[in-house]
Amino acid sequence: MLKRFFILCSGADKDLIGTCSNGEQNKYAGIGATVFFTAVMAFIASSYALFTVFDNPYTAAFFGIVWGLLIFNLDRFIVSTIRKRDRFWGEFLQATPRIILAMIIAVVISKPLEIKIFEKEINTVLLKEKNNLAMANKKQVADYFKSDLDKNKAEIDSLKSDITKKEKEVNDLYTTYITEAEGTAGTKKLGKGPVYKEKREKHDAQLKALDTLRSANLAKIAEKEQKNKTLQADLDKKVTQTQPIIDSFDGLMARINALNKLPLLPSLFIMLLFLAIETSPIIAKLLSPKGEFDFKLEDIETALKASLAQDKYQRDLLVKTSASMHDRVYEDIAQDKDLYNLQRRKATELLELQAHNFVEKQKNVM
C-alpha cells in the first residue's frame, strides 16, 4: 500500500511500473518518498512562516497545506518529465531548468525552517533591536517635547533666581542696619540712631517687596511645575502608545533580517541540506543508468511516434492520390461534348434573360 503510494508520488505510470521488476519499483518508490517528504517539509515551513504573519494556527495550517500540495505537484512534475537519453549532457541540459526550479524551491522551504531552528538566537537579536528601537523612540519623543520642557525649566530657574537675588538684597540690608546698631559699620555709633532707623525702614520695605515677589513667583513656579508634569505625562503617554508597535516588531521580515545577522555557516548548511533533498530525485535520475521502466517507456513512446508518423504519411498520400484522381476526372469531363452543349444552352438562356431585364429597366427609366 505504502509502496504504491510512493510510486504514485514519483509520477511514474502505475500500469507500466507494475510490469517492471521489484527493484525498479523500489527505485521509483524511493524517488516518490523523497518528493512526498519534501512536500511535508514545505507544509511545516510555510505553516510556521504564515503563523508569524497571521498569528492564527488554522489560517497558517490551511495555507500551509495549499503550499505543500503546490510543492508536491511541482516536484512530481519535475521528476516525471525527465527522460533518460543515451547522452548524459543532453539529459543534463534537459534537466537544467528543473534543477534551477528545485534550487529555488529548496531555498524557499529552508528559510522558514531556519527561522524556527534558530528561534532562540533570533529572539535575542530581536530583543536587542527592540531595545535599540525603544531607546531611539524615547529620544525622539523627548526631543519633540524638549524645547517646551527646557523653556519651562528656564522660566522656573529665572523665577527662583529673582527670589534668591531679592533674599540676598534683603539679607544685606539686614546686616547693614544691624551693624549700624552695633556700631561696627556705617557711622560706627552704638545705638539706634536716625541712620539706623533709615536703614531699618529700607530693609523693612525690601522685606515686604520680597514677600510680595516670593508669593507671586512661587505661584508662577507652581503653575509652571504643574505644566512640567503635564508635559512629562504627555511624553510618557506618547512613549507608552508607541511601545506596542515596537513590541510587535517580530514579523517574518524582521526574523529573516535577524537570521541574516547570525553566523552564515549553520544557516548555509541547512539550506544545502534542503537543496540536496530537493534535487536528489533529479540527480538520481540523471546518474542512474536506464532501467527497465525507462526502456519500456521509451518503447511505448517510439511506437507511438512511429504510428503517428505512419498515420500522417498515409493521410498525406491519401490527399495526394485523391487530388490526382479528381484532376483526371475533371479533365475527362471537360472533353464530354454532350455536357459542353448543355452548358452552352444554359448560358445562352441566362444571357437572354439578362438582356430582357435590362430592356425593361430602360423602359421604366424613360
On the given criteria, is THR279 in a helix (DSSP H, G or I), hydroxyl-bearing (Ser, Thr, Tyr) and farther than 30 Å from GLU114 by Cβ? no
Extreme residue, nearest to the chain's Cα centre (by Cα), among residues of the stretch 282-320 that are in a helix (DSSP H, G or I) and closer than 30 Å to PHE43 by Cα: ILE282
Can you tell me how many residues within the stretch 15-26 are assigned to a helix (DSSP H, G or I) and either within 30 Å of MET253 (Cβ to Cβ) or in contact (Cβ under 8 Å) with a residue 40 or more places away in the chain (or both)? 3
For the stretch 1-13, which positions are under 11 Å from PHE293 (Cβ atoms) and not polar (S, T, N, Q)? ILE7, ALA12, ASP13
Picking from LYS238, LYS229, which residue would you name as being of a type outside the set (A, V, I, L, M, F, W, C) and surrounded by 12 or more Cβ atoms within 10 Å (Cβ to Cβ)? LYS238
(1) surrounded by 10 or more Cβ atoms within 10 Å (Cβ to Cβ); (2) outside the structural domain of CYS9 (by TED's automatic domain parsing): which one isn't true of ILE283, the others all being true? (2)
Considering only the stretch 211-226, I want to know if a residue exists there that is assigned to a helix (DSSP H, G or I) and farther than 30 Å from LYS153 by Cα. no
So which residues in the stretch 27-72 are outside any helix (DSSP H, G or I) and either touching a helix residue (DSSP H, G or I) at 6+ places or on another chain (Cβ under 6 Å) or at negative phi (or both)? ASN56
Would you mind stating whether ILE246 is in the same structural domain as ASP75 (by TED's automatic domain parsing) and buried (at least 16 other Cβ atoms within 10 Å of the Cβ)? no
Answer yes if at least one residue in the stretch 313-323 is basic (Lys, Arg) and over 30 Å from ASP15 (Cβ atoms), and no otherwise. yes
When restricted to LEU133, LEU159, LEU113, LEU149, the only residue out of contact with any Gly (no Cβ under 9 Å at 6 or more places or on another chain), in a helix (DSSP H, G or I) and assigned by TED's automatic domain parsing to the domain that holds SER47 is LEU113
Please specify each residue of the stretch 326-344 satisfying the condition of being surrounded by 10 or more Cβ atoms within 10 Å (Cβ to Cβ) and either at pLDDT 80 or above or outside any helix (DSSP H, G or I) (or both). ASP336
Only one of PHE77, PHE72 is touching a residue at least 40 places away in the same chain (Cβ under 8 Å), assigned by TED's automatic domain parsing to the domain that holds GLU114, surrounded by fewer than 21 Cβ atoms within 10 Å (Cβ to Cβ) and closer than 21 Å to LEU287 by Cβ. Can you tell me which? PHE77
Where ALA284 falls short, out of the listed (1) modelled with pLDDT of 80 or more; (2) out of contact with any Asp or Glu (no Cβ under 9 Å at 6 or more places or on another chain): (1)
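The values are calculated or read from the model by the stated rules, or taken from the named source; none is laboratory data. Note that the structure is predicted; figures quoted are calculated from it, not measured. Every residue, glycine as well, gets a Cβ built from its backbone with ideal geometry; the counts of neighbours run over all protein chains shown.
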